[in-house]
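Asks: Below you'll find the structure I mean.
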Amino acid sequence: MDETVLEPTRESTQEEIRKCRERLVHFLTLYACVIGLMSLAGYGNVLFFLVSGGPHAKVSLVARIMSACLPLGVLLYGKKARFPGAFVRAYGIVEGIQFVLLIPVVASGSMFMDSPGSGALSILFLLLIGGALCGGPLYLLRQVRSAARRMLQIQKSLGEKGAEDPANGWMILLAVACYLAPAYVPTSETVQRYRTIIDTQEVKCYDLGAHITYMAGSPDGELLALGTEKGLYVWDTTSRKCVWSDDSLAVQRLRFSPGGRYLAAAGRGRPEGATDLVVYELPGFRRLPGFDWPEHEEHKEKVFHDMMFRPDEETLLVLWHRSWVWNRKGWNGDEAEAVEAREESLGHEPGLADLLCSECNVLKRNIDIPRVIRGNLPVGYVLRSEGCAYFSSDASRFIYPMHEDKDNEAFLFKRVCLVNTKTWNEQLYQVDGYRLDILWGLKRLYEWTLNANGTKAYLLCQKEKGGESNFLVLLELDLETGKKRALPRKGWRLVLSPNERQVAVLDWDTEDKKRALIQLNLVDVETGMEARILRSFQKKDRGAPRRFLWLKPNLFAVAMEYAQGAFVFIDLKEGEGR
C-alpha cells in the first residue's frame, strides 16, 4: 500500500489514542477524588459498605486509605506509555455494578425507620442515594469504561496485546487487597481487644444441656441453683459439681430463703404445663406438698417477676401476672387466636394484665387471694416476661415501673413505684431526665436491684438529652430522700455485692472466633472508684453472657445465652498472681 496513504492513518490513530488516554486520566482523577472522600468519610462502594458492617462501623484509618488509594493506583496504571490493557475497563465495570447494588442495600435499611412517614422517607432516601451518591460515580465510571473500551479497540486494530500486560496480575492483587482492607485490616481498638482476650485468664465453661432461664445463690454462696426449661439443677460451688436435679418444672424464677432452709421454684409444671410453685426443704431437697392456689388460679399460666422469703422463712411473697398462651408459643397461630377470642368474649383485654402479689405460707401450704398492685398494665410495655418488679432481699419492699401515655404517642417510663409489703402503702418517684427501660437486642427490659432493706435502688436506664435517649447510665436512687446519683456504667446486667458496697455490671466481647471475653465492671457506691475483672472462655457458639450472680466476695457465676445452657465460675482467688 502507498506510504502516503498510511501515514495520515497512523497519525490519526495516535491522536485518538492520546485523546482517549487524556479522557481516561481525567475521569479517573475525578473518580479517585470522589471515592477517596467517600472512603475516608466512612462510605464507599457496596463491598466497602458490607465488609465494614455499614457506614457507621469502625474501620481502621489504614483500611480507609487503602480503599481510597485503589483508584489512584488504577490512574497511575492508566498513564503507562503502553496501553494498560483490559484491566481498567474491567475495573470500571466492577465498580459500576457495586454502586448499582449499593442503592437497594442502603435503601432497604431505611425501610425499618420507626417513623409515621417511613414509606415516603424510604422513597426519598432511595432517590437521594441513587441521584447524589451513586449518580456521579456511575457517570464517571461510564466515561472510564468508554475510554478504555475505545483504546482497547484501537489496540486490537494495531495488533497489540495490551490485555496480556504482565502488570495486570499485580493490579488484580492490589484491587483485591484494597477491596478487602475494611474487613481484614483491624483498627487499633480491635488489636487491643484481641490482645486483651489472648492475655486474659481462661475459665472452664460447663455445658448444662438446657437453656438457663434463672440463677439463684444460697445465702452462704455454697450452692448455685440453675433454672432451665428442662428442670432445676443445683451445683456445689466448691467442688463445681451438680449435686441435685429435678425435671418436674420448667423454671422461671428461683429463690433461697434467708437462712438457707428452703429453695423455692416457680414455673410451668410437667406434663400438663399449668403454672406451679414448688418449695424444697434443705438439706436433702425434700419436695414439700403442693400449694393450694385460690379457686380458678391453679390452672392458669402466669409470668413470675420476682419472689422473696420474709425473714421468718415461713412466708413467701410472689410477684406475677396472668399470662396468655402466646407469651410462650408466639403471637401467631390458631391456638393463640382461639385463646385471644375466648378472653375477649369474657370481657378481658389480652394486651393488658394486673400486677399481682401473692402471699404463700410454706408450712400451711396455702396461697392467699392475690393482691392487685396495679391494674390494666400493658403486657408488651410494662409487664415484660423478663421481669419488671423486684424485691429487696428482706422482702419488706419492692419496686415496679409506671408508664405515661401522652397523646397516645409512646409509652414513657420515667416513674418508679415503691411498695411497702407490711403496710402496702405506695410511694411514687419521678425520675426526670432518665428513661427506665433499656434496649436488649430487639426488645426492651428493666434491669434493677434493691439493697437489703429497700432504701436504695440501682437502675440501668437511659439518660435523656433533648428529648432523646442518648446513652445508658447506672443510676442510684435514694428511696428515702428521692436523690439521684449517676455512677459509671459499662455493661448490660447488674448485681449488688453481698456487703452492698459495690455494684457489678456485666459486659462481654464475642467478636473473636475462638474465645469470648467476660468483663465485670465493679463500682464502689461510696467513692465511685472502678475496678475491672476479665475472664475468657471457649466460644463454641455459646453466645454472650446473659445472667450473673455475686455468690461470695471472691466468687461469681455467669450464664450464657445458649440453647444448650452453659455457665462459668469466676473465682478471683484463682486469678491471683496471673
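Asks: Where in the stretch 58-77 does the label zone of residue 196 land, with the point 7 angstrom along Cα→C-beta and an amide N cut-off under 11 Å?
Replies: none
Asks: Given the pairs 456/552; 422/463; 490/514, which are separated by over 30 angstrom at their Cα positions?
Replies: Values: 456/552 21 Å; 422/463 33 Å; 490/514 24 Å.
Correct reply: 422/463.
Asks: While we're on this one: Report the semi-axes of the equivalent ellipsoid for the stretch 528-578 in whole Å, largest first, where each axis is √(5λ) for an eigenvalue λ of the Cα gyration tensor.
Replies: Details: eigenvalues 94, 31, 24 Å².
With the √(5λ) rule applied to the stretch 528-578, the semi-axes are 22, 13, 11 Å.
Asks: Shifting gears a bit: Rounded to the nearest 0.05, what FRET efficiency is calculated for residue 486 and residue 428 with R0 set to 25 Å and r the Cβ-Cβ distance?
Replies: Numbers: r = 21 Å, r/R0 = 0.84.
Rounded to the nearest 0.05, the efficiency is 0.75.
Asks: For the stretch 135-149, what does the Karplus curve 6.51 cos²θ - 1.76 cosθ + 1.60, with θ = phi - 60°, yield as ³J(HN,Hα) per residue in whole Hz, taken in order and with x for Gly and Pro?
Replies: x, x, x, 5, 5, 4, 5, 5, 5, 4, 5, 5, 5, 5, 5
Asks: Please identify the trypsin sites (Lys or Arg not before Pro) of the stretch 182-265 that satisfy two criteria: DSSP loop assignment and at most 13 other Cβ atoms within 10 Å. Which are they?
Replies: Details: sites: 193, 195, 204, 230, 240, 241, 253, 255, 261; in loops: 204, 230, 240, 261.
Taking the stretch 182-265 and a limit of 13 other Cβ atoms within 10 Å, the loop trypsin sites (Lys or Arg not before Pro) found are 204, 240.
Asks: Would you check the accessible area of residue 139, probe 1.4 Å, heavy atoms only, in square angstrom rounded to 10?
Replies: Surface accessible to solvent at residue 139 totals approximately 120 Å².
Asks: A further question on this structure: Going by accessible area, probe 1.4 Å, with all protein chains left in place, what is the ranking of 238, 13, largest first? Let's see the in-between values first.
Replies: Details: 238 95, 13 25 Å².
Largest accessible area first, the list is 238, 13.
Asks: Filter the trypsin sites (Lys or Arg not before Pro) in the stretch 451-513 to those in DSSP coil with at most 11 other Cβ atoms within 10 Å of their Cβ, and list the result.
Replies: Here the sparse-neighbourhood loop sites are 483, 513.
Asks: Just to confirm a number: summing +1 for Lys and Arg and -1 for Asp and Glu over residues other than residue 310 whose beta-carbon lies under 10 angstrom from that of residue 310, what do you get?
Replies: Values: positive: 422; negative: 312, 313, 314, 359, 394.
Net charge in that neighbourhood comes out at -4.
Asks: For the pair residue 281/residue 352, report the inter-label distance in nm, with labels modelled 7 Å from Cα in the Cβ direction.
Replies: 4.4
Asks: At 1.4 Å probe size, with no ligands or nucleic acids counted, give the accessible surface of residue 500 in Å², nearest ten.
Replies: 60
Asks: May I ask you to rank 95, 313, 574 by accessible area, largest first, using a 1.4 Å probe over the protein chains only?
Replies: Working: 95 5, 313 30, 574 80 Å².
Ranked from most to least accessible, the order is 574, 313, 95.
Asks: Let me ask another. May I ask for the percentage of alpha-carbon pairs in the stretch 165-232 that lie more than 15 Å from each other? Before the final figure, lay out the partial values.
Replies: On the way: 1719 of 2278 pairs.
Of all Cα-Cα pairs in the stretch 165-232, 75 percent lie more than 15 Å apart.
Asks: Roughly speaking, what is the centre-to-centre gap between the stretch 370-388 and the stretch 223-272 when only Cα atoms are used, to the nearest Å?
Replies: Comparing the Cα centres of the stretch 370-388 and the stretch 223-272, I get a distance of 25 Å.
Asks: Where does each of 353-362, 367-376 land if you order them by average Cβ count within 10 Å, highest first? Could you put the intermediate results ahead of the total?
Replies: Values: 353-362: 20.0, 367-376: 15.0.
For the peptides 353-362, 367-376, the packing ranking is 353-362, 367-376.
Asks: In square angstrom, rounded to the nearest 10, how much accessible surface does residue 379 have for a 1.4 Å probe?
Replies: Looks like 20 Å² after rounding.
Asks: Just need log10 I(q)/I(0) for the stretch 436-578 at q = 0.18 Å⁻¹, Debye formula, equal scatterers on the alpha-carbon atoms, no solvent, rounded to two decimals.
Replies: Taken in order of the listed q values, log10 I(q)/I(0) reads -1.11.
Asks: Still on this model: Probe radius 1.4 Å, ligands and nucleic acids left out: which of 286, 547 has the largest accessible area, and how do the rest follow? Working shown, then result.
Replies: Working: 286 130, 547 45 Å².
Final ranking, largest accessible area leading: 286, 547.
Asks: Which FRET efficiency value, to the nearest 0.05, is calculated for residue 94 and residue 61 with the Förster distance at 30 angstrom and r the Cβ-Cβ distance? Spell out each step's value before the answer.
Replies: Working: r = 25 Å, r/R0 = 0.82.
Efficiency, from the Cβ-Cβ distance: 0.75.
The values are calculated or read from the model by the stated rules, or taken from the named source; none is laboratory data. Everything numeric in this text was worked out from a predicted model, so none of it was measured. Ideal geometry is used to build each Cβ from the backbone, glycine not excepted, and the neighbour counts take in all protein chains shown. Ligands, DNA and RNA are excluded from the accessible area calculation, which covers all protein heavy atoms including side chains. Shrake-Rupley method; radii C 1.70, N 1.55, O 1.52, S 1.80 Å.
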